[in-house]
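Working notes, beginning with the structure itself.
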Amino acid sequence: MAQNALAGLVDKYDLVGPTVDDDVRRIIARWGAEAVKESVKVQTKPKRGRKPEKDWPLLWPYIERDAREWLDGGDPYERWTDYSIAKDYADKHPGQSHPAVMKRITKRLKAKRKIFALIEAERISTTDYPYTAHLRALAELTRAERHPVWASMYARAKKQIDDYTAKYGAPPDEDFPMMKVQMLAEMPVSKPEGSQHLGLLERYSKQLDAKD
């Protein structure tokens, strides 16, 4: 077990062997013998309690469904209750106790489902939806979770739209995703050689359209 802990330190600092002893000597040279001994004690100490379940990766398809339903103007929380999702999840991943899994998942959904769905809506709306949907997701995030990052991202997105409008003389097309607005807003508008810039803009727009 001590070797496993030391191996973790080895991996962290990209030590190269050829044996564990060689790597340990390098770690001791860097941190000192006492620091290494204390670290090994901590790293090899048995963990008490049950290992936390990694539910969210398996729950994420439900979260993405919520996000897309919300972006499309629907109410995913009315269509799919926390209970119905927990039951479907427990049916597919019952573990040792179907009721216990349902209880755990219902609790987690109640605590984080809506905010995670909004975060996912912000992410996918960058490329998959019109920029107005992206703004709506950011605006809702600033209300739902008062973290300065969302307000900053919302202000930045609005500025990019204003920059686009000032640069091209009109607001972005309604079907432009936010990523396309951002890229076009940040492109230089000077003409280096005749119509070279216009050709570059046309090719750049086609590349963005191919990603949409």
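The values are calculated or read from the model by the stated rules, or taken from the named source; none is laboratory data. Computed from a predicted model, the values in this text were never measured in an experiment. Ligands, DNA and RNA are stripped out before the accessible areas are found, and what is left, the full protein with its side chains, is counted by its heavy atoms. Shrake-Rupley method; radii C 1.70, N 1.55, O 1.52, S 1.80 Å.
Details
- Looking only at the range 126-184, and only at residues there that are part of a loop (DSSP other than H, G, I, E, B) and among the hydrophobic types (A, V, I, L, M, F, W, C), the one that is most open to solvent (accessible area, probe 1.4 Å): A170
- Filtered residues of the range 68-117 (kept if open to solvent by 80 Å² or more (accessible area, probe 1.4 Å) and polar (S, T, N, Q)): Q96
- Residues of the range 69-87 satisfying the condition of being of a type outside the set (S, T, Y) and more than 24 Å from the chain's Cα centre (by Cα): E78, R79, K87
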